Amino acid sequence: MKRIAVITSGGDAPGMNACIRAIVNTAYQEGIEVVGFRHGYRGIVDNLFQPLHPDDMRLVSQRGGTFLKSARYPEFREVETAQKAATQLNNHDISALVVIGGDGSFRGAAHLANYWQGQIIGIPGTIDNDLAGTDITIGFATAVDTAMEAIDRVRETAEAMARVFIIEVMGRQAGFIGLHAAISSAAEAMILPEMDPQPKLPELADNIKQARVAFPDSSYIVILSENLWPGGVHALAESLTKATGVTCHACPLGHIQRGGRPNAQDRILAMQLGQAAVSAILEGSSDVMIGLENEHVVEVPLHLTFDRDKPLAPRLVNLQLGLQGVNFTSKKVRKNA
Ligand code: ADP
């Protein structure tokens, strides 16, 4: 009988549990046993073994995080560590490994494939949505919902007090959360890694000053992707305060974007990809990610998920750029008319 192992690795994402459920239940129906290793690659090396049975999967889908736990484990880049993992997998008679994670986890999977003969299947699980070869990753939709709800709350107090807020969202090197959060919260400005040229301080300051003149009683919200502005959101807020003479408040959303119950879209995506991963194993696939393109499940060679950049949809960037300026322009036009 085949034996499949599952890990969740790297940044956790809402929907990972639903994905594990789909893998375990699908495999069970095929007579395949599933085991987990807690804490990602570290769990394989340290033998943090956990049998997984459908009876235990009934109530996991609604929970955020990952009950299998995750980890950052830089030691996995070393050859000996990957070899140890291969030995552990062989000791447990594992013939296929499913890695639910982001681009780092898939690099780890490609590294392991050099030392282990079993099948390796990746499932995209990251709130950042930054894996090429899939339109969407598990956790992204929930993270955008969470960011939008948080920004809506900031908006209410900002509006009441007529304040300027710079809100920092997650995304590591990618602006997907920033863009979707900016559109859905009707932000006045956004600063994303993919923008070329990047918005400059004087330009941002001018926009804020013009908005204050046109409509002094209003809030103004800038969405900033993390790891982008030198010194981060606090430095930007400080510089903008100096440049505009208006106090600009920094508000990093931080890890609340990672947690929370997965929304329906993420649960459904996670279960689809989990089920498809087991089918892929049965068909003999290996070293591929199971993704979703144009609503079809696809298999993409692992290295093509992290060797290529995944661009933002230009029509969505243009949507936000086209709408964000009008918040205040219309007031100005009306005032001047
Ligand atoms: P994510 O999967 O969310 O992108 P990380 O970048 O932290 O998260 O990667 C998760 C884990 O994958 C790392 O902690 C490490 O164990 C493993 N990993 C990442 N990059 C590599 C690499 N180049 N070689 C081997 N293992 C890697």
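For this structure, a couple of remarks:
- Of all the residues in region 161-186, those that are hydrophobic (A, V, I, L, M, F, W, C) and assigned to a loop (DSSP other than H, G, I, E, B) number 4.
- Condition check for Pro314: loosely packed, with under 12 Cβ neighbours inside 10 Å, at pLDDT 90 or above and not assigned by TED's automatic domain parsing to the domain that holds Ala189: yes
- All conditions in (1) modelled with pLDDT of 95 or more; (2) open to solvent by less than 40 Å² (accessible area, probe 1.4 Å) hold for Pro199, with the sole exception of (1).
- Of all residues making up region 16-52, the number that are touching a helix residue (DSSP H, G or I) at 6+ places or on another chain (Cβ under 7 Å) and over 21 Å from Gln119 (Cα atoms): 1
- The residue that is farthest from the ligand (Cβ to nearest atom), among those in region 69-121 that are among the basic types (Lys, Arg), crowded, with 17+ Cβ neighbours inside 10 Å and under 22 Å from the mean Cα position of the chain (by Cα), is Lys69.
- Residue match in region 278-287 (condition: in contact (Cβ under 8 Å) with a residue 60 or more places away in the chain, outside any helix (DSSP H, G or I) and at negative phi): yes
The values are calculated or read from the model by the stated rules, or taken from the named source; none is laboratory data. Nothing here was measured: the structure is a model prediction, and the numbers come from that model. Positions of Cβ are generated from backbone atoms using ideal geometry, with glycine treated the same way; all protein chains shown enter the neighbour counts. Accessible surface is based on the protein model in full, side chains and every heavy atom, while ligands, DNA and RNA are left aside. Shrake-Rupley method; radii C 1.70, N 1.55, O 1.52, S 1.80 Å.
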